[in-house]
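Here is the structure we will look at, set down as structure tokens.
The values are calculated or read from the model by the stated rules, or taken from the named source; none is laboratory data. On a predicted model such as this, the values are computed, not experimentally measured, just so you know. Quick reminder, even Gly has a Cβ in these numbers, built from the backbone with ideal geometry, and neighbours come from all protein chains shown. Just so you know, the surface numbers come from the protein's heavy atoms only, side chains and all, with ligands and any DNA or RNA stripped out. Shrake-Rupley method; radii C 1.70, N 1.55, O 1.52, S 1.80 Å.
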Amino acid sequence: MFGRQRKGGVLEVDLPNAKVIWRLRWDEFNLCDEEDYMYERFTVYGLDCSLVFRPMFYFHLDVAGEFEVHAVINGEEFTLTQNKRQVSPNRVPAGKDVEIVIHFVRLAPNSLTDALPKLLLKSHLQKTKALRAAEGEAKRLDGELQESEAETKRLAAEVDRCHALINAGSHQAAERECRLTGSAVKIQAKWRQVLTRRRFLRERDETDRRLRQAKRVRAILCLQTLWRLKQKKCQRRWLHAQNGCSNTETPYDAILAFDSLAEFLKEGKIEFLQKAESLLEIAKESRYRVVAVVGLFDKGKTWLLNKLFGANLPAGKLCTTKGLSFLWIKERRMLVLDPAGVQSTVSYRAQAVDAIHDAQTTESLMFEMVSRISHRMVFVVNDLTWFEQKYVAMLHQKYVQCKQHKELIVVHNLRNTCDVAEASMLFRRQVMQCYDGEPSHQAKLIFTADLGEGVPPVHHIGLCYEFSKAGDAFNATNREYLLQSLEHGNTLGTNIVLTDLLCSELSRLLPKFVNIETIEPEASAASEQAVSVIFQGANDKASVPKVEGTRYASSGTFCMRLSNDKARVTTKTRGVISPLGEIIAHDVSFDPIVNVFDKAIDTGVQRFIRIECPGIVEEEIEWQELPNGVKVTINKKPPIEEHAVQPVEPIRQHHGMWEREFFFDQTEGRFELCEDEAMLENGVLTMVLKKALQPRKGRLGKARARRPDAHAQGKLHLPLSASASDCTSAILVSEVASEAASRKLAAMA
């Protein structure tokens with residue numbers, strides 16, 4: 001046989017009935033290939049039998065000897081003999097088990113007869129033996145079962161005892177846990193109480209220690225301050241002993257003795273004083289930088305100069321800078337200007353002029369001149385107020401309008417601040433929170449304010465009380481930063497002749513501050529060009545001293561010159577200085593009210609220009625027609641000749657030259673002056689311009705036919721306020737025009 005042999009199925013042998021049943025499950029022979037077969041061997045009646053079943057093809061029975069067997073395979077009956085041992089049953093359906101029942105009908109002769117009693121006896125003995133063995137096993141199992149039950153009872157009792165012990169132990173553990181928890185809470189409360197007390201005692205000790213330390217620090221600071229003051233006194237005494245004189249103050253190199261504009265206009269000259277041993281050459285051209293230190297009165301300008309340049313200039317409450325002082329720093333090629341403080345105290349003893357107005361005018365003139373001639377300007381303040389912010393903004397605006405890239409430096413002299421934290425907070429509140437910008441990374445209390453793109457910034461530098469902790473922390477570094485900024489701001493400087501520079505600036509500024517009154521009206525119209533300042537040098541430099549002893553000598557005099565000797569110069573009382581001391585760029589001593597408006601009429605639109613000018617007569621008004629507008633000039637003469645009268649109260653009157661061009665955009669239309677409608681009535685000048693609704697058109701031939709005679713063509717309509725010279729010029733122009741027209745017509749004929 002080919003294929004693999006597989007054993008399987010369940011075989012039941014029924015000897016008394018001579019029957020064998022072989023049951024095969026589907027899952028056993030379903031895995032067989034076509035060549036595999038199921039095989040089983042058994043013994044019946046002492047004969048060896050073998051069964052072979054191939055589910056797909058055949059069933060084979062092999063018995064030793066003669067036999068006849070009936071086989072039922074899944075209900076299909078077959079007869080097998082010794083000669084026919086193999087049958088072919090039907091194919092087994094899928095999923096169905098196979099049951100093969102074999103019934104032996106006949107075996108070999110005498111084999112069944114001889115073997116049956118023995119077999120039956122043997123089978124009975126086997127059954128009896130098996131029954132006894134089963135009874136013994138049953139007894140044994142009953143004994144074991146009883147022992148198991150006893151053991152189970154014993155174990156159950158043991159488990160119950162263990163449960164009782166566990167329950168008792170859990171109760172005891174819960175009680176112990178409760179006792180431990182209570183004890184732990186008490187211990188924690190006691191420990192917290194101890195820690196709280198320790199912390200309180202430690203904080204109290206730390207507070208006491210800090211108080212004692214603060215007291216010691218204050219005492220040490222007081223001792224340090226006293227020691228520094230003592231050292232300063234000792235240093236002054238040592239310098240006094242070294243110099244051998246009673247005054248070790250450093251004098252200025254030069255002083256422009258300009259204390260009052262009214263006094264200058266009265267006397268007509270300003271003395272220029274110079275130290276005898278000074279190396280500053282005021283009348284020669286030299287290249288150097290000009291640095292101005294300005295500010296309000298008593299803000300520490302001179303103190304800052306002493307600290308920056310190592311000088312000992314007179315400073316303090318009792319020392320007041322007069323005029324314009326010059327300090328020459330030769331090694332740095334730097335000329336430092338120290339003007340008098342703004343808003344200083346004035347004297348009312350001299351009643352010839354208004355003291356307040358004279359002081360304000362003088363300070364504004366000096367302030368304007370210093371801002372023009374200096375390359376760098378340092379503005380010194382204490383606590384920054386809105387008034388000082390206005391001055392800073394005014395200075396910065398001057399640089400912007402003049403398109404000068406000069407960076408203003410504001411020094412905050414916090415002379416009453418000693419603590420570092422207080423100084424930082426004060427600087428942040430007054431500067432950093434009020435301006436946009438960035439603080440410096442090089443030092444503290446330094447801030448650069450950004451005032452817009454293309455505009456020079458403003459630098460803010462803070463200084464504190466010199467002999468304090470804040471002064472030790474900031475002053476040395478910030479002063480060095482300020483000095484380096486001045487040094488690198490304009491390294492080359494400018495070629496300057498100091499006297500010429502002062503003369504030119506005074507000549508430019510005086511017309512903005514003074515009025516020139518003359519008898520001739522033509523000369524009063526050119527008042528701004530009638531005054532100038534020249535410098536007259538002294539022949540002998542060691543001339544009569546002007547200040548304390550022989551320290552200063554007159555180097556020359558700045559003299560005022562007028563183009564008209566009969567003119568009288570007075571300070572302006574209006575239109576020059578604002579309440580904050582700011583100079584107004586144009587003269588508004590006579591500033592009439594002007595209104596411009598349009599009015600619709602039947603023939604078109606008229607534009608009216610009304611100027612309120614009370615006290616004006618027609619001879620004082622001139623006009624000039626512009627391409628698309630008109631220019632009006634009013635020369636108001638003083639109604640009161642102040643030099644010819646005796647004033648009971650201060651005389652206030654408006655006079656001077658007023659001029660304005662009214663020019664209108666071409667997009668609004670073309671305007672033509674209506675001369676016939678110009679008039680002066682009740683102190684109101686009215687000029688009328690007519691708007692052309694459409695452009696003028698015409699033909700050349702018709703224009704010639706309508707052209708009048710030469711005499712009619714030459715007639716001109718004179719304006720409202722034409723003078724005699726203007727009339728003569730107009731007549732000459734008309735005659736020339738008429739002659740030219742006559743010649744042209746004759747040539748064409």
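Results, tabulated for the structure shown:
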read-out	value
Matching residues in segment 419-446 - criterion: being out of contact with any strand residue (DSSP E or B) (no Cβ under 8 Å at 6 or more places or on another chain) and among the acidic types (Asp, Glu)	419, 422
Test: residue in segment 679-698 that is modelled with pLDDT under 75 and open to solvent by less than 80 Å² (accessible area, probe 1.4 Å)	yes
Selection from segment 360-410 of residues that are assigned to a helix (DSSP H, G or I) and charged (D, E, K, R)	363, 368, 372, 388, 390, 398
Among residues of segment 618-640, those that are more than 21 Å from residue 690 (Cβ to Cβ), in contact (Cβ under 8 Å) with a residue 24 or more places away in the chain and assigned to a loop (DSSP other than H, G, I, E, B), counted	3
Conditions (1) in a loop (DSSP other than H, G, I, E, B); (2) modelled with pLDDT of 65 or more; (3) open to solvent by 70 Å² or more (accessible area, probe 1.4 Å); number of the one not met by residue 561	(1)
Residue check, residue 27 open to solvent by 70 Å² or more (accessible area, probe 1.4 Å) and either out of contact with any strand residue (DSSP E or B) (no Cβ under 6 Å at 6 or more places or on another chain) or modelled with pLDDT of 75 or more (or both)	yes
Test: residue in segment 311-322 that is within 26 Å of residue 462 (Cβ to Cβ), in contact with a Leu (Cβ under 9 Å, 6 or more places away or on another chain) and at pLDDT 85 or above	no
Search result, residues across segment 59-110 that are modelled with pLDDT of 75 or more, farther than 20 Å from residue 43 by Cα and either surrounded by 13 or more Cβ atoms within 10 Å (Cβ to Cβ) or under 60 Å from the mean Cα position of the chain (by Cα) (or both)	73, 78, 89, 97, 98
All strands (runs of 3 or more DSSP E) inside segment 411-503 with 3 or more residues being open to solvent by less than 20 Å² (accessible area, probe 1.4 Å) and at pLDDT 85 or above	446-449, 458-464
Which listed residue, of 294, 290, is open to solvent by less than 50 Å² (accessible area, probe 1.4 Å), at pLDDT 85 or above and in contact with a Pro (Cβ under 8 Å, 6 or more places away or on another chain)	294
Failed item in (1) at pLDDT below 80; (2) open to solvent by less than 70 Å² (accessible area, probe 1.4 Å); (3) of a type outside the set (Asp, Glu), with residue 236 passing the rest	(2)
From 620, 625, residue being at pLDDT 65 or above and open to solvent by 30 Å² or more (accessible area, probe 1.4 Å)	625
